[in-house]
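Colleague: Please find one structure pasted underneath; my questions will follow.
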Amino acid sequence: MLKTDVLILGGLSGITAGISCRRHYPDKKVVLVRKEGTVLIPCGIPYIYGTVGGPEHDVIPDGLLKNNQIELIKDEAVSVDREKKVVALKDGETIAYDKLVFATGSLPIILPIPGVDKKNVFPIVKDYNYLGEVYKKMESVKDLVIIGGGFIGVEFADECRKGRDINVTVVEALQQCLQLAMDDEFCTEAQEKLAEAGVNIEVNSKVVEIMGDEAVTGVKLDNGNEIKADMVILGIGAKPNTVLAEKSGIELGFKNTIRVDSLMRTYTDPDIFAVGDCAEKHSFFTGRPVNTMLASIATSEARIAGANLYSPVHHNCGAISVFSTKINGRAFAVAGLTERMAKEYGMKVIIGTDQSLDTHPGGMPDSTLTKVKLVFAKETGVLLGGSLSGGKSVGELVNVVSACILHRMTADEIVMFQMGTHPALTPSPIAYPFVNAACKAILPLRGCD
Ligand SMILES: Cc1cc2nc3c(=O)[nH]c(=O)nc-3n(C[C@H](O)[C@H](O)[C@H](O)COP(=O)(O)OP(=O)(O)OC[C@H]3O[C@@H](n4cnc5c(N)ncnc54)[C@H](O)[C@@H]3O)c2cc1C
């Protein structure tokens, strides 16, 4: 039997938890067990099929573990004896632990429709060899249908068109692609960019059947229409991978995630922690459980858990939900609540919008129009969310918005924001759209129109 102080089961957030533990507890032995030989950068998966060209260019290097003295065991954990504090692996090995971290992630949701098990129908499993096979198969595809117009579906659609003369159709059940993540005006803009990239979009449509004999030949929609397909990608979301936790008697919570406290400890066992897609999340804004799975949340939880393993250091403040994506060269990003979400929560809000080029003068190379929409609580002026579209700078500007949300900054405080500006790198200080959007919200927040 092997022995360790800290045993971590998982990939992306597992690595982060291990590094955090190493920083806080340099003397502890840390072992990470993960199923895969090679672990992918999960957010980079769509880019395997276009920009980066193959799974070998989308890998988290194991050197990261070695550099942090984390021992890696490539195997699957199959049982946990909580009384004896021992985990058994598939190959028969056992590991005794002092602290255990579940970072077992999530698995794709499989649409329960006829034909979903046909050849060339691919859910997005975060597995190096599997996605390598999909990559090879993609070379001979002529008609690709992607089920689901969330950010994974649209990123796949955009990337799969790159360098390939294939028909790509996204089928989305809601009125617009990305509707669960962004307000209508941003969804419209994103869909226009997708259409410009040559992607066909079928909204308000559900796939009810996948057709073909052994292999897929098409999909049937709920309006009776059929779309030809020799490959189908399922991008309809993920469910937590918590079978092992449940089998080990660990309490599950919202939508079968592992129930954890704000220290990331399971409710069941103070020596067992859970982080990432497998762990329960609560909204930063309402405290209610939410079903958000993002690498940014997963790694934040992992840093918290790693620090708290032997003594409470950090508390999880809840999921703000920050994400960005890029569609046909234009970036879209949201931190916190959109106007639609805030209204669904019954919150009264004031909106501030602004737009500006992201260089000054605007004639600088690669200058791109940045659009900003901020959502403030009407009674307090506190920032609840920000939505953006624009160029590359949007990827970091959304993180500024997130920091302001975390610190519950008000519109008045954002007006006083002192930004560093440079002609080639940022909008003009006069026209800085994040600040100007807050300036425009000040009078309505005071009740003046
Ligand atoms: C295509 C795609 C694009 C995405 N893009 C973004 C993005 O742009 N931004 C963003 O924030 N999020 C994005 N996400 C979401 C993000 O990938 C997940 O939130 C993140 O991967 C969660 O990390 P995790 O460590 O919790 O789980 P996972 O990444 O799912 O890792 C879990 C690991 O645990 C291993 N494991 C499971 N069970 C066992 C066991 N019993 N024994 C040993 N090992 C086990 C698995 O094999 C896996 O390696 C994307 C997801 C997908 C699928």
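The values are calculated or read from the model by the stated rules, or taken from the named source; none is laboratory data. Quantities reported herein were computed from a predicted structural model and do not represent experimental measurements. Note that each Cβ is placed from the backbone with ideal geometry, even for glycine, and that neighbours are counted across all protein chains shown. Protein only, heavy atoms only, side chains kept; ligands, DNA and RNA dropped before computing areas. Shrake-Rupley method; radii C 1.70, N 1.55, O 1.52, S 1.80 Å.
Colleague: Tell me which residues, restricted to the stretch 104-119, are within 14 Å of Gly218 (Cβ to Cβ) and either under 18 Å from the mean Cα position of the chain (by Cα) or not β-branched (Val, Ile, Thr) (or both). Before you say what the answer is, go through the steps one by one.
Modeller: So the first thing to find is which residues in the stretch 104-119 are within 14 Å of Gly218 (Cβ to Cβ), and the list is 113-116, 118-119.
Selection gives Pro114, Gly115, Lys118, Lys119.
Colleague: I'd like the residue in the stretch 102-157 that is surrounded by 23 or more Cβ atoms within 10 Å (Cβ to Cβ) and assigned to a strand (DSSP E or B) and, out of all such residues, is nearest to the ligand (Cβ to nearest atom).
Modeller: Going through the qualifying residues, I end up with Ala103.
Colleague: Further, regarding this structure: Being assigned to a strand (DSSP E or B) and either open to solvent by less than 30 Å² (accessible area, probe 1.4 Å) or within 11 Å of the ligand (Cβ to nearest atom) (or both) is the filter here, so list the residues in the stretch 82-101 that pass it. Don't jump to the end; show me each part of the working.
Modeller: As a first pass, look at the stretch 82-101 and keep what is assigned to a strand (DSSP E or B): 86-89, 94-96, 99-101.
The answer is Val86, Val87, Ala88, Leu89, Ile95, Ala96, Lys99, Leu100, Val101.
Colleague: When you check Gly198 against the structure, is it in a loop (DSSP other than H, G, I, E, B) and touching a residue at least 40 places away in the same chain (Cβ under 8 Å), yes or no?
Modeller: Numbers: in a loop (DSSP other than H, G, I, E, B): yes; touching a residue at least 40 places away in the same chain (Cβ under 8 Å): no.
Considered against the rule, which asks whether it is in a loop (DSSP other than H, G, I, E, B) and touching a residue at least 40 places away in the same chain (Cβ under 8 Å), Gly198 comes out as no.
Colleague: Identify, from the list Ile48, Ile8, the residue that is in contact with a Pro (Cβ under 8 Å, 6 or more places away or on another chain), open to solvent by less than 30 Å² (accessible area, probe 1.4 Å) and either near the ligand (Cβ under 10 Å from one of its atoms) or assigned to a loop (DSSP other than H, G, I, E, B) (or both).
Modeller: Working: Ile8 fails: in contact with a Pro (Cβ under 8 Å, 6 or more places away or on another chain).
Only one candidate passes the filter, namely Ile48.
Colleague: Select from the stretch 308-353 the residues that are open to solvent by 20 Å² or more (accessible area, probe 1.4 Å), under 15 Å from Gly390 (Cα atoms) and small (Gly, Ala, Ser) and list them in ascending order.
Modeller: Ser324, Gly329, listed by residue number.
Colleague: On to the next question. Mind listing whichever residues of the stretch 55-81 are away from the ligand (no atom under 15 Å from the Cβ) and either hydrophobic (A, V, I, L, M, F, W, C) or on the phi > 0 side of the Ramachandran plot (or both)?
Modeller: Result: Gln69, single match.
Colleague: Among the numbered criteria (1) in contact with a helix residue (DSSP H, G or I) (Cβ under 8 Å, 6 or more places away or on another chain); (2) crowded, with 19+ Cβ neighbours inside 10 Å, which one does Ser300 miss?
Modeller: Every listed condition holds for Ser300 apart from (1).
Colleague: Take the residues in the stretch 158-175 that are open to solvent by less than 10 Å² (accessible area, probe 1.4 Å) and in contact with a Gly (Cβ under 6 Å, 6 or more places away or on another chain), then tell me which one is farthest from Lys206 (Cα to Cα).
Modeller: So the residue we want is Glu159.
Colleague: Condition first: surrounded by fewer than 19 Cβ atoms within 10 Å (Cβ to Cβ) and part of a helix (DSSP H, G or I). Now tell me which residues in the stretch 381-422 satisfy that.
Modeller: Scanning the stretch 381-422 gives Gly395, Glu396, Asn399, Val400, Ala403, Leu406, Asp412, Glu413, Val415.
Colleague: Can you tell me which residue in the stretch 312-353 is nearest to Ala437 (Cα to Cα), limited to those that are small (Gly, Ala, Ser) and in a loop (DSSP other than H, G, I, E, B)?
Modeller: Ser321
Colleague: Now, a different point. In the stretch 9-34, what residues are within 21 Å of the chain's Cα centre (by Cα) and not small (Gly, Ala, Ser)? Give the steps one after another, and end with the answer.
Modeller: Step one: filter the stretch 9-34 for residues within 21 Å of the chain's Cα centre (by Cα), giving 9-20, 34.
Within the stretch 9-34, Leu9, Leu12, Ile15, Thr16, Ile19, Arg34 meet the criteria.
Colleague: Could you run through the stretch 220-245 and say how many residues are under 24 Å from the mean Cα position of the chain (by Cα) and of a type outside the set (Val, Ile, Thr)?
Modeller: Initially, the stretch 220-245 is screened for residues under 24 Å from the mean Cα position of the chain (by Cα), giving 232-245.
Of the ones still in play, those that are also of a type outside the set (Val, Ile, Thr) are 234-235, 237-241, 244-245.
Total satisfying the criteria: 9.
Colleague: While we're on this one: Would a scan of the stretch 249-262 turn up a residue that is under 21 Å from the mean Cα position of the chain (by Cα), of a type in the set (A, V, I, L, M), at pLDDT 95 or above and surrounded by 14 or more Cβ atoms within 10 Å (Cβ to Cβ)?
Modeller: Of the residues in the stretch 249-262, the ones under 21 Å from the mean Cα position of the chain (by Cα) are 253-260, 262.
Those still in the list that are of a type in the set (A, V, I, L, M) too: 258, 260.
Those left that are additionally at pLDDT 95 or above: 258, 260.
Filter once more, so that each one left must be surrounded by 14 or more Cβ atoms within 10 Å (Cβ to Cβ): 258, 260.
Within the stretch 249-262, one or more residues are under 21 Å from the mean Cα position of the chain (by Cα), of a type in the set (A, V, I, L, M), at pLDDT 95 or above and surrounded by 14 or more Cβ atoms within 10 Å (Cβ to Cβ).
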